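Written out below as structure tokens is the structure these notes cover.
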Amino acid sequence: SVLGSGQDALPIKRVINGLWQVSGAHGRIKPEQAIEDMFKYVDSGLTTWDAADHYGPAEILSREFRNQYRLRRNKEPPIQVLTKWVPRPSDMPFELVEAAVDARLQRLGVEQIDLLQFHWWDYNNKNYIQAMKHMKTLKEQGKIKKP
């Protein structure tokens, strides 16, 4: 499947593996086992993953998986991590939005986010418009492939 079109097109797998299960919400996580399971996902063709800022260590584990994959297989891992940012509806200055995006980049261990899903739950608070404008700027700077 492809999200978008033209130069903004992002090919993804039809089946997306959610990383909510490593959030810790369902019990204690064993990071080493989670990373081993990620190898099984990739070897089974599940290479598009869904993460979020609120999925506990999901982004960090995907970064650790990337590092382990490079060490074990001497190549870049064939994964895409589609992550989310869910801020509290409030003022959205550029510095706040950039810090959130930079945190995703650092936690994922990438130079560019494949897809950043933006969740806002109070549309009476219009600051989401400002946040989206800032995300567009960050996309233009190369930090985000798809906002």
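The values are calculated or read from the model by the stated rules, or taken from the named source; none is laboratory data. Everything quoted here is computed from the prediction, not taken from an experiment. Cβ placement follows ideal geometry from the backbone for every residue including glycine, while neighbour counts extend to all protein chains displayed. With ligands, DNA and RNA removed, areas are computed over all heavy atoms of the protein, side chains included. Shrake-Rupley method; radii C 1.70, N 1.55, O 1.52, S 1.80 Å.
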Checklist entry - Which residue out of D43, D53 is out of contact with any Leu (no Cβ under 9 Å at 6 or more places or on another chain) and within 18 Å of Q117 (Cβ to Cβ)? => result D53
Checklist entry - Among the residues of segment 60-83, is there at least one that is in contact with a strand residue (DSSP E or B) (Cβ under 8 Å, 6 or more places away or on another chain), in contact (Cβ under 8 Å) with a residue 12 or more places away in the chain and over 24 Å from P11 (Cα atoms)? => result no
Checklist outcome for this item: When restricted to I29, I12, the only residue open to solvent by less than 50 Å² (accessible area, probe 1.4 Å), closer than 17 Å to K84 by Cα and at pLDDT below 95 is I12
Checklist entry - Can you pull out the residues in segment 125-147 that are assigned to a helix (DSSP H, G or I) and either open to solvent by less than 20 Å² (accessible area, probe 1.4 Å) or without any contact (Cβ under 8 Å) to a residue 12 or more places away in the chain (or both)? => result I129, A131, K133, M135, K136, L138, K139, E140
Next on the checklist: Looking only at residues that are within 15 Å of the chain's Cα centre (by Cα) and assigned to a loop (DSSP other than H, G, I, E, B) in segment 14-28, which one is nearest to F65 (Cα to Cα)?
Outcome noted: L19
Checklist entry - Restricting segment 74-120 to residues that are over 19 Å from the mean Cα position of the chain (by Cα) and loosely packed, with under 12 Cβ neighbours inside 10 Å, which is nearest to I144 (Cα to Cα)? => result E95
Checklist outcome for this item: Of all helices (runs of 4 or more DSSP H) fully inside segment 29-124, the set with 2 or more residues that are among the aromatic types (F, W, Y) is 31-43, 58-73
